[in-house]
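**Student:** Mind having a look at this structure? Questions to follow.
The values are calculated or read from the model by the stated rules, or taken from the named source; none is laboratory data. Since this is a predicted model, take the numbers as computed values, not measurements. Reconstructed Cβ throughout: ideal geometry from the backbone, glycine too, with neighbour counts over all protein chains shown. SASA here: full protein model, heavy atoms, side chains in, ligands and nucleic acids out. Shrake-Rupley method; radii C 1.70, N 1.55, O 1.52, S 1.80 Å.
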Amino acid sequence: MSVIASAPAQDAAGTRGVSLELSGLHRSFGATHALAGFDLALAPGELVAMLGPSGCGKTTALRIVAGFDRPDLGAVSLDGVDLTPLPANKRDMGMVFQSYSLFPHLTAGQNVGYGPRLRKVSAAERDRQAEELLELVGMAGMAGRYPHQLSGGQQQRVALARALAVRPKVLLLDEPLSALDAKVRLQLRDEIRRIQQEFGITTLFVTHDQEEALSMADRVAVMRAGKLEQCAAPAELYDRPATAFVAQFVGTMNHLPGQVVGAAKVRVADRELPVDGACPAEGTEVNVLLRPESLDLEPAAEASAAGRPGEGQVMLATFLGATTRLTVRLGDGTEAKADLPSHRAVEFPVGSAVRLAPAPRPVLVVERG
Amino acid sequence: MTRLFTKLGAWGAVLPLLGYCAIALGFPVWAILWEGLHQTNPTTQQTTVTFANLTASWHGIYLTGLLTSLRLSLLSSVISAVVGLFAAYAISQSRGRYFKQAVLTASGVLANFGGIPLAFCFIATIGTGGVFLSWIQNVWPSFSLETFSGVALVYPYFLVPLMVLTTLPALDGLREQWKEASANLGGTSRQYWRHVGGPLLLPAALGGFVLCFGSAFAAYATAKALTSGTVPLVTTQIANILSGNVIAGEDNLGMALAFNTIIICGLMMAVYLPLRKRSAKWLES
Amino acid sequence: MTTISDTEPAAAVTTPARDKRGLGLRRVRWWRVVVLGVLAVYFLVPLASTFWFTLYTPGTHTFSLAPYGQMFSAQGFGTSVRMTVEIALVTIVILYLLLVPAMIAVQLRLPKLKPVLESLAMVPLVLSPVALVVGVQTVLGWGLDQDPGTPLFQLAADLQNQSFPLILPIVYVVIALPFAYRSLESGLRSVDLKTLVEASRGLGASWPVTIWRAVLPNLRSGLLSGAILTLALVFGEYTISSILQFLPFSVWIVQDGQGATSGQLAPAVSLLSLLLSWAVLFLVSFLGGRRAVGRPDRSS
């Protein structure tokens, strides 16, 4: 039974991957706290993307899971078994690095066969496995090529095959696409997802590209300053961000000035909207967070363009296909972005006076400081 | 047309260097090869092709000199290559910028430091009347700087830095990811060195060794200043012949000896260059 | 040895997370200390004892810095130093006039020639200077075998002019090639030459202006290191100049400098030139500034 043939078979039998848990991880480098109490749990077969600005600790967390680094405090466990004391080479994790991780003196096939070779698999069996895995990642017939004869995207495919060759319990991806061209990146993104689902392998994926995270992952873990901000399915993360940081970090967000006018009610652009989550006391000046797609526009009288709240002038129109993004400068100088269906956007040419019309849905607010 | 022009311009920039080397390096080498294979009859002034010089240079004291040179080069370059490789690894692992820069520049100077000044330094240290001679003779009573072992002790002083200089780029080219990838795939540290690190470094290490060997073989001034000719080496023998300490009629024997060293040099380069090429492909891209 | 093996495991227990990479580097550390320690002794002790030797006069039990002062007043010092400096300068100029355009052209337009250049630059490392000088002498001899008055005879004679033997810089260029090549190569590696040249050419600069104003300033660290190494090499070179029977500094110091001051002068000069060239090289290596030696820390 080969690796590839056995993986889906296991799925059919109902054994899908393992669960991975990171609990209370702390790690500091000198004065910087890369991780300050980081928790994350992955269900069997799940792909979770760790997303965050650079320096938020996501790579450190991944390296701790792989065993390249040790936490100052906290533990990593697989199916409830603590891995923390195990060295990297006893962990059964397959890792794909950012780039240049293939051994340059070995062919693609030998690279894939490296793990099995350490496990004393016979040469013939290794070659067969390597050929199958390379075919799986779309590299059929390239086993004899050396890394320097392969493009960046092809190298990452081989790296993925190499990681899978040791039948890892967990797959770790450390920004595997960030060094590639945009087009190759999109293509490889889909393939990684397909292979991951085919194997049903629990996968932890580090990226700083939110689009990548949102499009590939079952759940996205947004990190900030060494802690988990929120871990949720992409749609939930986008629609119901748990914190202002998540709201601002994921997707485009407008910050419009408003005022709390009652219990969980905020007045913005001359409308009253219900507040989702924490709401400061009545009378507090706040920023209301609104997605461009939940902002509509109405024509406004020319004369009042500079005066009344929520009114302004269209500065820029960016055609995005089905929608057009209009940038509006308000009377107080703040800019708002509104996404309108393109056929409606033509009603508001650049320079025209408009009034913002937020959709009547619950919104997040942050105090203005 | 412009493409052709830029290509021509580029060749124009390279050719002077190649031409210079052909004259300043190639011409003398050719002269040695030519003279080494010819003999001028003192009475008739006729020049004939002969292998007599070469044959003579492979016999008697000259054979001894050649063998001693080879033995000395082998011993000192093996020591230097091993020590230099470890030193280069230790340096490549260090994170201190100043330390690394200091060692690198020092290697640059010291690799260049063969010759008379080096001999002076060691004579002052462990030569006759040297500061530390008695220390060394406590552990090694028969030690003297003017012997084979004395010279072999001095040569690493410029060979180790040379080894460091030639292998450091390769060691710096060893990526941390490879070590991590190997561990990740289940490899121990030993397995990493056996299957990845070792094979990757081998060409650079062998190349460095070959350079050290060639450099030791070519050295003259240090040995001459240390031993005044008591240890027979090819280079000192050549110099002796040149300065006229020979039987008449053996003028071209010096050429034949020089001929031998050039052959050794050619062999070293023939071994070194393919190794260098391979190492560059793996580690310096 | 015992202190090292005693303290290391203890340190490992108290600070388990100290080791950044956690891949058994702790085991590596003690041999690193040993290797570097032994090498430090091997390389520093001869220098230190040379220094001691130049200061201390055993007969009178006195210390004096005199040898360092005496060299300036010694007979023939000025002539030989001037001659050597001139030879060094000519060597450096010829070397760079040949090497800089060639290396830039190879980097930009003829990458296929790079191995050729590289191997050429390696040959002098293993070619015995004694053999080289034999060849040079032979060639010069052929010239002098011509009838006096012919151009070839004149050329051979001019090359061996006692006051300024042009043949020495010509040969030294070959000998210095490996070191200059290496310095320039590391300089070129830290600069994105292609972008630099394209930017300058795109702004309308001619080739000479581009090289002079855009490329050379970026290579100054490499150029300076190469020049200093060449200077040091010319000052220390003994084999070729002595066999060709010229009297530059290195030969003078061995022949004339030794007698007067109980042999302290020559080591003093050697030591001084070694330390000086190292110090200058070390300082120059920071001129480039951006050349990062350590790899960036991954703590994100």
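**Student:** Taking the highest mean first, how do the peptides B:268-280, C:215-227 order by number of other beta carbon atoms within 10 angstrom per residue?
**Tutor:** In decreasing order of mean packing, B:268-280, C:215-227 become C:215-227, B:268-280.
**Student:** On average, how much area does the Cα convex hull of the protein assembly as shown cover when viewed from any direction, in nm²?
**Tutor:** Working: hull surface 216.9 nm².
Orientation-averaged projected area of the Cα hull: 54.2 nm².
**Student:** Here's another thing I want to ask about it. Evaluate the relative contact order of chain A (contact order divided by residue number), counting alpha-carbon pairs under 8 angstrom at least 6 apart; express in whole percent.
**Tutor:** The normalised contact order for chain A reaches 16 percent.
**Student:** Here's something else I'd like to know. Given the C-alpha atoms of chain A, compute the convex hull and give its volume per residue in Å³.
**Tutor:** Roughly 174 Å³ of hull volume per residue.
**Student:** May I pose another question? Quick one: work out the % antiparallel among DSSP beta bridges in the protein assembly as shown, nearest 5.
**Tutor:** Values: 65 of 84 bridges.
Among the beta bridges of the protein assembly as shown, antiparallel pairing accounts for roughly 75 percent.
**Student:** Compute the relative contact order of the stretch A:315-369 as a whole-number percentage, counting only Cα pairs closer than 8 Å that sit 6 or more residues apart in sequence.
**Tutor:** Values: 55 pairs, mean separation 14.5, N = 55.
It rounds to 26 percent for the stretch A:315-369.
**Student:** Evaluate the distance, in nm, between pseudo-label points positioned 7 Å from the Cα of residue A:151 and of residue B:78 along their respective Cα→Cβ axes.
**Tutor:** Simple spin-label model gives 5.1 nm for this pair.
**Student:** Separate question: Residue-wise, which Karplus ³J(HN,Hα) couplings in Hz belong to the stretch C:143-152, taking 6.51 cos²θ - 1.76 cosθ + 1.60, θ = phi - 60°, and x for glycine or proline?
**Tutor:** These are the phi-based 3J(HN,Hα) values: x, 6, 6, 5, 5, x, x, 6, x, 5 Hz.
**Student:** Here's another thing I want to ask about it. Classify the stretch B:120-220 as rounded, prolate or oblate from the Cα gyration tensor: take a ≥ b ≥ c as the square roots of its eigenvalues, call it rounded if a/c is under 1.5, otherwise prolate when a/b beats b/c and oblate if not.
**Tutor:** prolate
**Student:** Let me ask something else. Tell me: how much accessible area in total is hidden between B and C, 1.4 Å probe, Å², nearest 100?
**Tutor:** Working: alone 16880 and 18970 Å², together 27950 Å².
What B and C bury together is about 7900 Å².
**Student:** When only Cα pairs under 8 Å and 6 or more residues apart are kept, what is the percent relative contact order across the stretch C:75-284?
**Tutor:** 28
**Student:** Hey, in the GNM for chain B with a 10 angstrom Cα cutoff, which one of B:90, B:258, B:111 fluctuates hardest?
**Tutor:** In the Gaussian network model the winner is B:90.
**Student:** With springs connecting C-alpha atoms under 10 Å apart, model chain B as a Gaussian network and identify which of B:127, B:198, B:84 has the largest mean-square fluctuation.
**Tutor:** Evaluated over chain B, the most mobile residue of the options is B:198.
**Student:** Express the accessible area of chain B per residue in Å², computed with a 1.4 Å probe while the remaining protein chains stay in the model.
**Tutor:** Heavy-atom SASA per residue in chain B reads 42 Å².
**Student:** May I pose another question? Roughly how crowded by other chains is peptide B:232-243, in terms of the mean Cβ count from those chains within 10 Å of each of its Cβ atoms? If you can, show how the numbers build up before the last one.
**Tutor:** Working: counts 0, 1, 3, 5, 1, 1, 6, 6, 0, 1, 6, 3.
What the average comes to for B:232-243 is 3.
**Student:** For peptide A:52-60, compute the average count of partner chain beta-carbon atoms within 10 Å of each residue's beta-carbon.
**Tutor:** The mean count of partner-chain Cβ atoms within 10 Å per residue comes to 2.
**Student:** To continue, here is another question. Which trypsin sites (Lys or Arg not before Pro) does the stretch B:20-111 hold that lie in a coil by DSSP with at most 14 other beta carbons within 10 Å?
**Tutor:** Here the trypsin sites (Lys or Arg not before Pro) that fit, given the DSSP loop and packing criteria, are B:95.
**Student:** Within the set A:58/A:265; A:183/B:7; A:227/B:179; A:90/A:227, which residue pairs have Cα atoms separated by over 32 Å? Write out the running numbers ahead of the final one.
**Tutor:** Values: A:58/A:265 36 Å; A:183/B:7 34 Å; A:227/B:179 29 Å; A:90/A:227 27 Å.
Correct reply: A:58/A:265; A:183/B:7.
**Student:** Give the shape of the stretch A:217-369 as rounded, prolate or oblate, defined through the alpha-carbon gyration tensor: a ≥ b ≥ c are the square roots of its eigenvalues, a/c under 1.5 means rounded, and otherwise the shape is prolate if a/b is larger than b/c and oblate if not. Write out the running numbers ahead of the final one.
**Tutor:** Details: a/c = 2.30, a/b = 1.33, b/c = 1.73.
Oblate shape, in that a/c is at least 1.5 and b/c is the bigger or equal ratio.
**Student:** Let me ask something else. Starting from 0.36 nm per residue, how many nanometres of slack lie between residue C:29 and residue C:114 once their C-alpha separation is accounted for?
**Tutor:** Working it through step by step, the gained length comes to 26.8 nm.
**Student:** What does the accessible area per residue of the stretch A:252-367 come to in Å², with a 1.4 Å probe and no ligands, DNA or RNA counted? Write down the numbers at each step before the final one.
**Tutor:** Values: 5580 Å² over 116 residues.
Value for the stretch A:252-367: 48 Å² per residue.
**Student:** Between residue A:81 and residue B:270, what is the label-to-label distance in nm when each label sits 7 Å out along the Cα-to-Cβ direction?
**Tutor:** My value for the distance between the label points is 5.8 nm.
**Student:** Per-residue Cβ counts within 10 Å, from other chains only, averaged over C:36-47: what number is that? Working shown, then result.
**Tutor:** Working: counts 7, 0, 3, 11, 0, 0, 5, 8, 0, 7, 13, 3.
Per residue, the number of nearby Cβ atoms from other chains is 5 on average.
**Student:** Could you work out the Rg to Rh ratio of the stretch C:75-284, with Rh taken as the Kirkwood radius (inverse of the mean 1/r over all Cα pairs)?
**Tutor:** So for the stretch C:75-284, dividing Rg by the Kirkwood Rh gives 1.03.
**Student:** How far, in nm, would the chain grow between residue A:301 and residue A:322 when pulled straight, counting 0.36 nm per residue and subtracting the alpha carbon separation?
**Tutor:** 4.8 nm
**Student:** So which GluC sites (Glu not before Pro) in the stretch A:130-218 are both in a DSSP loop and have at most 15 other Cβ atoms within 10 Å of their Cβ?
**Tutor:** Answer in residue order: no site qualifies.
**Student:** While we're looking at this one, here's another question. Among C:88-100, B:154-166, what's the highest-first ranking by average C-beta atoms within 10 angstrom per residue?
**Tutor:** The densest-packed peptide leads the list: B:154-166, C:88-100.
**Student:** So how far, in whole Å, is the C-alpha centre of the stretch C:76-107 from the one of the stretch B:3-46?
**Tutor:** Using only Cα atoms to place each centre, the spacing works out to 21 Å.
**Student:** Which of the trypsin sites (Lys or Arg not before Pro) found in the stretch A:50-130 are in a DSSP loop and have at most 10 neighbouring Cβ atoms, other than their own, within 10 Å?
**Tutor:** Listed in order of number, the matching sites are A:120.
**Student:** Please work out the C-alpha center-to-center distance from the stretch A:116-130 to the stretch A:296-369 and express it in whole Å.
**Tutor:** Cα centres, the stretch A:116-130 to the stretch A:296-369: 62 Å.
**Student:** Let me ask something else. Could you check which residue among A:123, A:247, A:163 shows the biggest mean-square fluctuation in a GNM of chain A with a 10 Å Cα cutoff?
**Tutor:** Looking only at A:123, A:247, A:163, the largest GNM fluctuation is found for A:123.
**Student:** Rounded if a/c is under 1.5, else prolate if a/b is larger than b/c, else oblate: which is chain B, with a ≥ b ≥ c the root eigenvalues of its Cα gyration tensor? Walk me through the numbers on the way to the answer.
**Tutor:** Numbers: a/c = 2.21, a/b = 1.27, b/c = 1.74.
In terms of gyration-tensor shape, oblate.
**Student:** Output the antiparallel fraction of DSSP beta bridges having both residues in chain A, as a percent to the nearest 5.
**Tutor:** DSSP beta bridges in chain A are roughly 75 percent antiparallel.
**Student:** Please report how far the C-alpha centroid of the stretch A:53-92 lies from that of the stretch A:177-192, rounded to the nearest whole angstrom.
**Tutor:** 26
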